[in-house]
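Below is one structure; the comments refer to it alone.
What follows is calculated from the coordinates using simple rules that are stated; it is not laboratory data. Computed from a prediction, not measured in an experiment: that's the story for all the values here. Neighbour counts run over all protein chains shown; Cβ positions are idealised from the backbone, glycine included.
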Amino acid sequence: MEGRKRKYTLRITRTLVERLNRHLSYLKFVKNKRSSKRSWVLEALREKIESEKKSDIPDIPKRGVILLELEDDLARELDAKVRLVRDVRGSYSIKSWMVDAIEEKLERDAHALRAEETSGKESFASVR
């Protein structure tokens, strides 16, 4: 007899969706391993539960709080962007927009750093 299943709607940021899609494409084409988003996330949840069973101290995420003071112009622009997304999607918050902005910048910065590392290695090799 199969146990009762509970349904959850997991809302994640666009940046995280894009990262997940890139990772699943990598698995599909490089590792020849197909996986749906749903099965990959379920696997991630199971792995986290198993890894925390091995530890006496649970992995409690730190609560990240950043106090921001937005200039009026920036706050008005942000409100306008959020209203536009709400008109299209229905539910969207300023917090969601800010999290998207942070994740997008992290991705851009990581990409720029990788590009700098690559060009640095190339210039080092040409000096030899």
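Tabulated data for the structure shown
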read-out	value
Radius of gyration and maximum dimension Dmax of the range 7-61, Cα, Å	13.6, 38
Label point distance in nm, residue 26-residue 47, each placed 7 Å from Cα along Cα→Cβ	1.1 nm
Flagged links, alpha-carbon separation over 27 Å, of 81/105; 31/95; 5/81; 5/48; 7/53; 7/105	31/95; 5/81; 7/105
Cα centre as origin, Lys/Arg/Asp/Glu Cβ charges: the chain dipole, Debye	1100 debye
Ranked list, fewest to most other Cβ atoms within 10 Å of each Cβ, for 15, 118, 9	9, 118, 15
Structure-derived Rg and Dmax of the Cα atoms in Å: which label, when the choices are (i) 20.5, 68; (ii) 14.5, 50; (iii) 18.8, 63	(i)
Pairwise FRET efficiency - residue 76 versus residue 39, Cβ, R0 = 25 Å, nearest 0.05	0.05
Lysines whose Cα lies under 25 Å from that of residue 54, excluding same-chain neighbours fewer than 8 positions away	62
